[in-house]
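Reading through the structure tokens given below for one structure.
The values are calculated or read from the model by the stated rules, or taken from the named source; none is laboratory data. None of the values given here were measured: they were computed from a predicted structure. Virtual Cβ from ideal backbone geometry, glycine too; neighbours counted across all protein chains shown.
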Amino acid sequence: MGISVVGILVCFGLLAIGWCLGSPLLIGLLASLPFGSTAIGTIGNSTPLLFTIFEIMLVVLIAVRPAALRSLVFVVKEHWSSWVVIALGVYVVGCAVFMPRLFAGRVAVPGVVGGYSADVLLQPVPGNFNQASYFAMGMLTFFALSVYLLNLHNLTFVRRGFFAFAGINAALGIFDLLGKVAGVSDILSPIRTAAYTMHTDSSVAGFWRIAGGHTEAAAFAGSALASAAFCLSYWRSTGSRLALWLMLALGALLVLSTSSTAYGSIAILSVFLGAAIICSSVENGLRKRDAALVGIAAACAIIILFVAVINPSIFGSFFDLIYGSIFEKAGSSSGVERAYWNSRSLDAFVATYGLGIGIGSSRASSWVVAVLSQLGVVGFALITVLTIVLIRGMHGVGKGRSENEVTAIANAVRAAAIASLVANSLIGGGADPGLIFIIAAAVIIQSRTIASRRAGSAASPTPADTHFGSGAITMAG
């Protein structure tokens, strides 16, 4: 076991940021997500990233409080989806233990032999324990955050944490890009302490790939997309200038990132955004901010088409970038390898009769494929239920004026989670939906629960209202 000095220093820096913003652990947890290549140290063959230490501290500090058990019972009783989370956690851990042993030597899965992708026979591997541990910790984080959010005043710290997440993502992306433009191949290399393969010093069609604090451009794109989606949704609801400027900065970085994940996800999310604007316009009329979005998009399209017709060579390099990042990607060695992973993962799903091979047993190139192959039909169904709860958001509750901010935060967090799922569906290698998904589920479920109780005049105080007031838990959060 070894400790990373750089990881510890970054961890203390994030704690300081969280302290200044009122909630060291919760804000620190969200602010640690952009550091996707910074490990806290080494444990055996594993190098846990920064967010894991914040998860552990948050869960422990919530668990040791006097009213924690009573509040947890309230959370489980109040909303049926808590039982789905419990069932999912138990099922995932059980699959990681039993499935690789049940089908050992009988199912071929994608693996690495001599540095190349090849079929290997299924057997228990350290990845089963590692990935199951991360997943279980995510489930514990869900319940810790659910207890924390029984007092909806604490949503303020969720909002600040996501703004810190977006701001640090943008700052690291800009820093990485400026360093490469200045001739420094990877100016952020000192913070890359995780024992992962780094793809941070490459280019496409003359454009540098932006990795930010992550291991590669695709990982940065997924994180930046979630940040930008949060900012866009919050700006649409509140008109926040901070959200607007962060959204514009992150959008520019995504365009310049050279990531096919970014471009594909933006195209998909644009369809969702367009549908949301249309539905909102039909119900309440076209809002000024939505009209501004439509106008900006139309103006940009007209300008680009006009310039392209007048002088096609101006956008030549950029079109080469788009072509190389998207259309040539599928035919590249990386694209062929990723297609092979997905194909063999689906074969494993069929070979196990839909039961799955256990989390961590192999990798895929799509989160959806990974869930099917590793967790089987049951795991896929449980995650689908949680995804539906997340997509539903605050629909039907939170209509009062006092609930506007609650709804704005919950919907913005939901947007971040949806963007993260879209990106993971294009490149995700594992079945874990990610911490943003877990946080969003807790935020939406508790926001709906408390908003519904507030709407009923006969509602009694929750355990959090009497024992977990915002002042008492601020330091823990």
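Quick look at the values:
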item: Residue match in the stretch 394-402 (condition: at pLDDT 85 or above and surrounded by 16 or more Cβ atoms within 10 Å (Cβ to Cβ)); result: no
item: For residue 132: the one exception among (1) closer than 26 Å to residue 46 by Cα; (2) modelled with pLDDT under 90; result: (2)
item: Test: residue 89 is within 14 Å of residue 137 (Cα to Cα) and out of contact with any strand residue (DSSP E or B) (no Cβ under 8 Å at 6 or more places or on another chain); result: yes
item: Qualifying positions in the stretch 163-186 - out of contact with any Leu (no Cβ under 6 Å at 6 or more places or on another chain) and not small (Gly, Ala, Ser); result: 163, 168, 169, 172, 174, 175, 177, 178, 180, 181, 184, 186
item: Residue that is surrounded by the most Cβ atoms within 10 Å (Cβ to Cβ) [pool: residues in the stretch 185-226 that are at pLDDT 85 or above, part of a loop (DSSP other than H, G, I, E, B) and over 20 Å from the mean Cα position of the chain (by Cα)]; result: 193
item: Residue check, residue 179 free of Cβ contacts under 8 Å to residues at least 12 places away in the same chain, part of a loop (DSSP other than H, G, I, E, B) and not acidic (Asp, Glu); result: no
item: Residue in the stretch 46-65 that is closer than 23 Å to residue 217 by Cα, within 23 Å of the chain's Cα centre (by Cα), assigned to a helix (DSSP H, G or I) and hydrophobic (A, V, I, L, M, F, W, C) present; result: yes
item: Options 188, 232; residue that is within 27 Å of residue 365 (Cα to Cα) and not polar (S, T, N, Q); result: 188
item: Residues satisfying the stated conditions in the stretch 56-67, i.e. in contact with a helix residue (DSSP H, G or I) (Cβ under 6 Å, 6 or more places away or on another chain) and touching a residue at least 60 places away in the same chain (Cβ under 8 Å); result: 58, 59, 62, 67
item: Test for residue 471: is it part of a helix (DSSP H, G or I) and at pLDDT below 50; result: yes
item: Wholly enclosed helices (runs of 4 or more DSSP H) of the stretch 303-392 bearing at least 1 residues modelled with pLDDT of 60 or more and among the hydroxyl-bearing types (Ser, Thr, Tyr); result: 333-351, 367-392
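Residues checked against (1) within 14 Å of residue 416 (Cα to Cα); (2) of a type in the set (Phe, Trp, Tyr); (3) touching a residue at least 12 places away in the same chain (Cβ under 8 Å):
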site: 216; (1), (2), (3): no, no, yes
site: 230; (1), (2), (3): yes, yes, yes
site: 233; (1), (2), (3): yes, no, yes
site: 238; (1), (2), (3): no, no, yes
site: 250; (1), (2), (3): yes, no, yes
site: 260; (1), (2), (3): no, no, yes
